Structure formats: structure tokens, C-alpha cells
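The values are calculated or read from the model by the stated rules, or taken from the named source; none is laboratory data. Here the structure is a predicted model, which means the values were calculated and not measured. Here Cβ is always computed from backbone atoms with ideal geometry, including for glycine, and neighbour counts include all displayed protein chains. We work out accessible area using only protein heavy atoms, side chains counted, and drop any ligands, DNA or RNA first. Shrake-Rupley method; radii C 1.70, N 1.55, O 1.52, S 1.80 Å.
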Amino acid sequence: MKRSYLCPHCQAKLNPNVKIILRAELDDQRGLFLFSPMPGNYDVILPDGFQIRKKDRVTFACPACGHALTSVHDDTLAEIRFVSDSGTKGIVAFSRVFGRHATYFITEEQVQSYGEDAEPKGMNFFGVGPDT
């Protein structure tokens, strides 16, 4: 299933080609990070010289409008939107903590979690999705 990932503020497409592109900031460092669009794949391409250690909390922003993507529900997560080729829409919430593997695909019908640090599937996340 192919998905388009979008900024929740300006609706800019964040995966214009193969990777998801986000602006990243950590301390006095800024750069563009490239992520795999495949859920559960935590490989990331960082700019040369960008120093990051496990447990560092990165601030992500839209590369088009510059708006911060930090979740209003949990400041350890960032959020973007997605639309699948079948028309399914929702939110992708993912950890801002480097080395913490937790990603959530949230629709009105369900929550799918990925990564060894994610909560179990089916949890009621942000008050949406089924309570199981």
C-alpha cells in the first residue's frame, strides 16, 4: 500500500519521492532527515556532521512551512498525516527520542503500532480508535 505523508499544518507532501523528509533540530544543529516510509523501518539518513546520541530528543518540523510537528498530546512524539492510495486517512505519531522505536498509525477505526518500544496494538491512543 502506497501512502502520501503530509504536514498537518500546510498539507505539503513530505515524501515527494522515495523518502519522508523532515527538518530536524537538536541543540544548535539543524538539518534534513530522510526516513523510510515503511512502518517499522527505523533507518534514517542524517546530514554529515549531525551529532546525535541515543535518548536525544529531536525537534521535527515541516521542511515547507517550518511548523513544529511535536504532538500536543505527548511531547515525546511527533505527528504527521497520511493518506493511502485506497483513500484511508489518519495520523502517524512517532518517537522524537533517538533510538526509541515506536510508531503509531491512527485512523478512526484502529491504531496500529510498530517498533519494540511501542505500546500493544489496539490501545486507545489519544482518545481515538477502538478500546480493546
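One table, with the values for the structure above:
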| quantity | calculated |
| --- | --- |
| Cα-based Lys proximity count in the chain, under 17 Å, for pairs eight or more positions apart or on separate chains | 4 |
| The chain, relative contact order [Cα under 8 Å, separation at least 6], % | 19 percent |
| Percent carbon-and-sulfur accessible area, the chain, ignoring ligands, DNA and RNA, probe 1.4 Å | 49 percent |
| FRET efficiency, 1/(1 + (r/R0)^6) with R0 22 Å, evaluated for ALA12 and SER86 via beta carbons | 0.50 |
| Reciprocal mean inverse distance between Cα atoms of the chain - Kirkwood radius, Å | 15.0 Å |
| Net charge contributed by nearby residues that have their C-beta within less than 11 Å of TYR42 (K/R +1, D/E -1) | -2 |
| Under 11 Å, Cβ to Cβ, from GLY31 - net charge with Lys/Arg +1 and Asp/Glu -1 | 0 |
| Calculated FRET value between GLU108 and ASP75, using beta carbons and R₀ = 35 Å, to 0.05 | 0.90 |
| Accessible surface, region 3-132, averaged per residue in Å² (probe 1.4 Å) | 56 Å² |
| Once exposed loop trypsin sites (Lys or Arg not before Pro) are cut out (DSSP; at most 16 other Cβ, 10 Å), longest piece of the chain | 56-120 |
| Nearest-10 value in Å² for the accessible area of SER113, using the 1.4 Å probe | 20 Å² |
